1. About its Cα centre, how strong a charge dipole does region 235-294 have in debye, to the nearest 20, once Lys and Arg get +1 and Asp and Glu get -1 at the Cβ?
2. Amide H of THR180 versus every other amide H placed in the peptide plane: which residues, excluding those fewer than 5 positions away on the same chain, fall under 5 Å?
3. Can you check what the net charge comes to around SER76, using other residues whose Cβ is under 11 Å from the Cβ of SER76 (Lys, Arg +1; Asp, Glu -1)?
4. Stretch LEU196-VAL113 to full length: gain in nm at 0.36 nm per residue minus the Cα-Cα span?
5. With θ set to phi - 60°, apply the Karplus curve 6.51 cos²θ - 1.76 cosθ + 1.60 along region 153-162 and write out the HN-Hα couplings as whole Hz, x wherever there is a Gly or Pro.
6. 7 Å from Cα along Cα→Cβ at both LEU146 and THR316: what's the point-to-point distance in nm?
7. Past the 18 Å Cα-Cα mark, which pairs from LYS197/LYS330; LYS289/LYS332; LYS72/LYS117; LYS117/LYS255?
8. Rounded to the nearest 0.05, what FRET efficiency do GLN308 and LYS65 have when you use their Cβ-Cβ distance and R0 = 25 Å?
Amino acid sequence: MPALWREKIAAKADGQDGRTTLAGGNVKTISPLRSLAVAAALTLTASALAGVAAPARAQGVDFAKAEITTVKLTDSLYVLVAGPAQGNILASVGPDGILIVDTMYPQMHDKIVAALKAISPQPIRYVVNTHLHGDHTGGNAAMARLGAVIISQDNMRKRMAEGPNPSPAAALPTMTYSDTLTLHFNGDDILIFHPLKAHTDGDSIIYFRKADVMQVGDVPASLRYPNIGVEAGGTVDGMIAAGRQVMQVANPKTKIVSGHLGPVIGFREIEQQIVMFEAVRDRVTAQIKAGKSEAEVVASKPTKDFDQARLGGAITPDRFVSLVYQDLSKPK
């Protein structure tokens, strides 16, 4: 990874390299080096609003019992948490309105709205998706019906629109970007950047630069076995690289919000996750080269020395090993 990666990202956020920015709800383009794609009209049509969220596979969640816990990070930033199988929501609340990162499953919408109203009466103006999985995007359509603009990386919208189970129009992001995007909202400069192929090939990481708070979605963060979106362009090596990118852009004092558990972690957890990923990758790679099948590799328990600290998540050790095998055994 280039040594100046962090500086280049910071330069784009400061306007030294040309980029597209959002301020006060208006889009302004300043000599962009990479395109910002407005994937659909910002004012959603009545037909789009009539849609419902695509079915999201809930990982054993009892939605009737699921409750939202609100964690205050700063006077304007809060995390909404609803258990290990649902994506954490980071919320920016202030005079410009409310921006949230991710929307959980659709069944949680009313509880999310109630939790946000308990913080502020302001409207929800923006949703930024970290990636396409239903525990992070299931509530998109309902948020769009409230008037929120949904934002994502280009590849995420494309996969949602064109995948084997396409999402309805109302759930799709209405604004996309390719490399970086900066929003000026509630007094902060919010840098959104794409870490290439990591958890999926359409991930976004969101950094509130003034508050020094970062939402990293499902790239390596909290101690758990994360899903690897091998069906959506995710890779083991990309997950490792994304964890390192987070530590280059952030700093040891940054409050890093994980996609699950946490909700706030630091460099130590990311470093531990990278160590785990590298060790399991190398063990599985060696067995693939020896001609072992997926079932044989899973049965060998290549994660066993890491399991005790990582059983709080929704992905089991065996499932994680299967995902690693599926990625590493693909033809190169």
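1. On the way: 8 positive and 6 negative charges, 17 e Å.
Charge dipole of region 235-294: 80 debye, to the nearest 20.
2. Correct list: empty.
3. Values: positive: LYS72, LYS210; negative: ASP75, ASP96, ASP188.
Taking every other residue near SER76 into account, the sum is -1.
4. On the way: separation 83, 0.36 × 83 = 29.88 nm, distance 3.16 nm.
Net length gain for the segment: 26.7 nm.
5. 6, 3, 5, 5, 4, 4, 5, 5, 7, 10
6. With each label point 7 Å from Cα toward Cβ, the separation is 3.6 nm.
7. Details: LYS197/LYS330 15 Å; LYS289/LYS332 13 Å; LYS72/LYS117 14 Å; LYS117/LYS255 24 Å.
Correct reply: LYS117/LYS255.
8. On the way: r = 27 Å, r/R0 = 1.09.
It comes to 0.35.
Coordinate-derived values only; no laboratory data. This is a predicted model, so every value here is computed, not measured. Note that each Cβ is placed from the backbone with ideal geometry, even for glycine, and that neighbours are counted across all protein chains shown.
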